[in-house]
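This report refers to the structure that appears directly beneath it.
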Amino acid sequence: MSGTSMASPNVTGSLALLQEHYSKLNTGVFMKASTLKALAIHTANEAGDAPGPDYKHGWGLLNAFKAAQTISVKDKYSLIQERTLNNQAKDIINLTASGKEPLVATIVWNDPIPTTLSNDTVLDDPTSMLVNDLDSKIIKDTETFLPWVLDPANPTNPATKGNNTRDNVEQIVIENPVAGATYQLEVSHKGTLAS
């Protein structure tokens, strides 16, 4: 057997095991759903012809081993944080690059239900349903690094980097960070946050 019929139980079981591993290392506390989603995306293996997400492969192939390793070295070599962004605020997190691998920052948030739903008479309505539009960027000196962005009008195009206004996942990848350098991850938002 193959396809989503086998992928779904494999991913579900793997995510449950990751929650168990996290809980054992964090005095019985489990990750929020958004944190678990961010971890799965952050540690996924690339799939497809170009780096970043795409409409055929999503964020890639689940790598439960790498996700478990990331949990095991939390606060030493990786950060897994659950934070709150207040209205009209910016959250700044300092990141130190090892220089041995890309510097990757992934944020995910649970978005409230939109007041207006998509048009059910339009197949794959491309209208954005995002309520809280968070923005992330990494800054080092005068250089700014932005998250991946997909173009629903051109679904076969590779992801580019820019202002993601479509979904509740933002991932920034710096392929060759300077070893030992401090990078600032800045998270802000547009408009007024709804709960």
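Tell me, what is the 1.4 Å probe accessible area of Phe30, in Å² to the nearest 10?
120
Quick check on the chain: of the DSSP beta bridges with both residues there, what percent are antiparallel, nearest 5%?
Details: 25 of 26 bridges.
Here the share of antiparallel DSSP bridges comes out near 95 percent.
When the helix-only estimate is applied to the chain (DSSP H runs of n ≥ 4, each -39,500 (n - 2.57), divided by the residue count), what is the mean residue ellipticity at 222 nm, nearest 500 deg cm²/dmol? Let's see the in-between values first.
Working: 3 runs with 41 residues, N = 195.
Taking each H run of at least 4 residues, the total per residue is -6500 deg cm²/dmol.
Once amide H atoms are built 1.01 Å from N in the peptide plane, which residues 5 or more positions from Ser78, or in another chain, come under 5 Å H to H?
Amide H to amide H, under 5 Å and 5 or more residues apart or across chains, Ser78 pairs with nothing.
Under a crude label model (7 Å from the Cα following the beta-carbon direction), how far is Asn163 from Asn26 in nanometres?
With each label point 7 Å from Cα toward Cβ, the separation is 3.2 nm.
For a 21 Å ceiling on Cα separation, which of these pairs sit above it: Lys32/Lys74; Lys24/Lys66; Lys66/Lys137? Working shown, then result.
Working: Lys32/Lys74 16 Å; Lys24/Lys66 17 Å; Lys66/Lys137 24 Å.
Table pairs above 21 Å Cα-Cα are Lys66/Lys137.
Taking θ = phi - 60°, what integer Hz values does the Karplus form 6.51 cos²θ - 1.76 cosθ + 1.60 yield along region 181-189, in sequence order, with x for Gly and Pro?
6, 9, 10, 9, 8, 10, 10, 9, 8
For the pair Asp151/Glu175, report the inter-label distance in nm, with labels modelled 7 Å from Cα in the Cβ direction.
Simple spin-label model gives 2.0 nm for this pair.
Please list Ile113, Ile138 in order of solvent-accessible area, largest first, computed with a 1.4 Å probe with all protein chains present. Let's see the in-between values first.
Details: Ile113 145, Ile138 0 Å².
If we order Ile113, Ile138 from most to least accessible, we get Ile113, Ile138.
State, to one decimal in nm, how far the label point of Asp141 lies from the label point of Lys100, with both points 7 Å from Cα in the Cβ direction.
For Asp141 paired with Lys100, the spin-label model returns 2.5 nm.
What ranking of Ser5, Ser128 comes out by heavy-atom accessible area, probe 1.4 Å, highest first? Working shown, then result.
Values: Ser5 75, Ser128 45 Å².
Output order, biggest surface exposure first: Ser5, Ser128.
Among (i) 16; (ii) 37; (iii) 11, which one is percent of Cα pairs over 32 Å apart computed from these coordinates?
Recomputing percent of Cα pairs over 32 Å apart here gives the entry labelled (i).
Which ³J(HN,Hα) values in Hz, rounded to whole numbers, follow from the phi angles of region 131-139 under the Karplus curve 6.51 cos²θ - 1.76 cosθ + 1.60, where θ = phi - 60° and Gly and Pro get x?
Rounded to whole hertz, the list is 8, 9, 9, 7, 10, 10, 7, 10, 10.
When the accessible area of the chain is computed with all protein chains present and a 1.4 Å probe, what percentage of it is carbon and sulfur? Walk me through the numbers on the way to the answer.
Working: 6350 of 12060 Å².
C and S fraction of accessible area: 53 percent.
With a 1.4 Å probe and all protein chains left in place, how much accessible area per residue does the chain have, in Å²? Please list the in-between numbers first.
Details: 12060 Å² over 195 residues.
Accessible area per residue, the chain: 62 Å².
The values are calculated or read from the model by the stated rules, or taken from the named source; none is laboratory data. What you see is a predicted model; the values in this text were computed from it and never measured. No Cβ is skipped: glycine too gets one built from the backbone with ideal geometry, and neighbour counts run over all protein chains shown. Please note that ligands, DNA and RNA were not included when accessible areas were found on the heavy atoms of the full protein model with its side chains. Shrake-Rupley method; radii C 1.70, N 1.55, O 1.52, S 1.80 Å.
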